[in-house]
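Participant: Dumping the structure here so I can ask a few things about it.
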Ligand SMILES: NC(=O)c1ccc[n+]([C@@H]2O[C@H](COP(=O)([O-])OP(=O)(O)OC[C@H]3O[C@@H](n4cnc5c(N)ncnc54)[C@H](OP(=O)(O)O)[C@@H]3O)[C@@H](O)[C@H]2O)c1
C-alpha cells in the first residue's frame, strides 16, 4: 500500500487516479485547483467512479509516498506549490507529461521520474473523462521506475521499463509534433487524412527526428510514415490535448511539443522552419 497524491486531475490525472483506484491497494488524494464534485472515467474496461478525497489548497496537504504530477507543462509552477507541501525526504515524484524536458522543468528543486504516457483521453464538457484506450506508460529502468510500475500492479495500465528513455521520449515527441496541425486547423485527427496536410506532418516529424538524433535518440527513417499511418487509421474524431486547449481558449503546450524542437535545433545548428512556423502561428 502506498499513499499517492495526484496533482492535476484533468484527462491524464484522472486516468492515473482511476487505474490506481482499481488496484484497491492505495490511499489516494486528488489535488485540484477547483473542487471536484464527482469524477467518472469511462475506460475500455468499464466506468470508474472515483471516491478518493479532494484537496484544493496546497496548505491542507501533508507528505505522501508518491506524488504524480499530471498538469499541463505550462502549469508546472502551480504544481510546484503542491510539491512543497506533499513531499518530504522520502517522497517520490513522477511527472506524467508530454515533451522531453520533465527533469529540466522541475530542477533544481525537485528530482523527478519522467513518465511518458500513451492514452488518448478527453475531458468532456460535463467534467467526465473519456479514456479511449488502455494506458501505456514508459519509465526508465531504475529503482524508481520499478517502484512506479509496482504501484499499477493489478490495474489495466501497462508500465514499460525502458533502457533507452531518450529514444522513447523523442519518439513520442515525433507523434506530438504532428499534432500541431490539428491545433492550427482546429480540427480533430481526421484532418491528417488530407494529402497536403499529411505531407506537412511528415515534414514536421522529419525536423523532430533530425533534432532528436542530435540529442542522442535512435530514430529510424520510417518513423514519420508509421506515425502518419497510425493517426490516419485511428479515430478521426480524436482531439489531441493541444487542440483541446486551443478550442477551450486555454494556454497551449506548444513550447513543450514544438518549441523544444526549434530550441534544441538551434543548439545543434539544425534548421526547423516548419516547427518554427507552427509555433509562431499558434502563439499569434
Ligand atoms: N489528454 C491526452 O490524451 C494526453 C495523452 C498523453 C499525454 N498527455 C499529456 O499529459 C499532460 C496532462 O494533460 P491533460 O490532457 O491531462 O491536461 P488537462 O486535461 O488540461 O489536465 C490538467 C489538469 O491540471 C490542472 N491544474 C493546473 N494547474 C493546477 C494546479 N496548480 N493545481 C492543481 N491542478 C492544476 C488543471 O486544472 P483545471 O481543470 O482547473 O484547468 C487540469 O485539470 C500534458 O503534458 C499532456 O500533453 C495528454
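Participant: Is the shape of the range 3-163 rounded, prolate or oblate, going by the alpha carbon gyration tensor and its root eigenvalues a ≥ b ≥ c, with a/c under 1.5 for rounded and a/b larger than b/c for prolate?
Facilitator: Rounded is the answer for the range 3-163, as its axis ratio a/c remains below 1.5.
Participant: Listed highest first by mean packing, meaning other Cβ atoms within 10 Å per residue, what order do 37-50, 128-141 come in?
Facilitator: 128-141, 37-50
Participant: Another question, if that's okay. Once you have the Cα-Cα distance between residue 280 and residue 225, take 0.36 nm times their residue separation minus that, and quote the gain in nm to one decimal.
Facilitator: Additional length available on full extension: 17.3 nm.
Participant: Using alpha carbons only, how many degrees (0 to 90, rounded to 10) separate the axis of helix 273-283 from the longest principal axis of the chain?
Facilitator: 50
Participant: Could you give me the radius of gyration and the Dmax of the chain, taking only the C-alpha atoms into account and expressing both in angstrom?
Facilitator: Looking at the chain, its Cα Rg and Dmax stand at 18.3, 53 Å.
Participant: Which three extents, in whole angstrom, do the alpha-carbon atoms of the range 17-73 cover along their principal axes, largest first?
Facilitator: The Cα atoms of the range 17-73 stretch 35, 24, 23 Å along the principal axes, largest first.
Participant: Once you keep just the Cα pairs under 8 angstrom separated by 6 or more residues, what percentage relative contact order results for the chain?
Facilitator: 15
Participant: Where Rh denotes the Kirkwood radius from the mean inverse Cα pair distance, what is Rg over Rh for the range 175-284?
Facilitator: Reported Rg/Rh, Kirkwood definition of Rh: 0.95.
Participant: Can I ask one more? Angle between the Cα long axis of helix 195-214 and the longest principal axis of the chain, 0 to 90 degrees, nearest 10?
Facilitator: Approximately 70 degrees, to the nearest ten.
Participant: Where does each of 196-209, 144-157, 12-25 land if you order them by average Cβ count within 10 Å, highest first?
Facilitator: 12-25, 196-209, 144-157
Participant: Between residue 132 and residue 268, what length in nm is gained on full extension when 0.36 nm per residue of separation is reduced by their alpha carbon distance?
Facilitator: Between residue 132 and residue 268, full extension yields 45.2 nm more.
Participant: Can you tell me the order of 114-126, 85-97 when each peptide is scored by its average per-residue count of other Cβ atoms within 10 angstrom, highest first?
Facilitator: Order by mean packing, descending: 85-97, 114-126.
Participant: Take every Cα pair under 8 Å in the range 175-284 that's 6+ residues apart, average their separations, divide by the length, and report that relative contact order as a whole percent.
Facilitator: 37
Laboratory data are not the source of any read-out in this text; all were calculated from the coordinates shown. The structure displayed is predicted, hence computed values, not measured ones. When we count neighbours, we look across all protein chains shown, and the Cβ atoms used for this are built from the backbone with ideal geometry, even at glycine.
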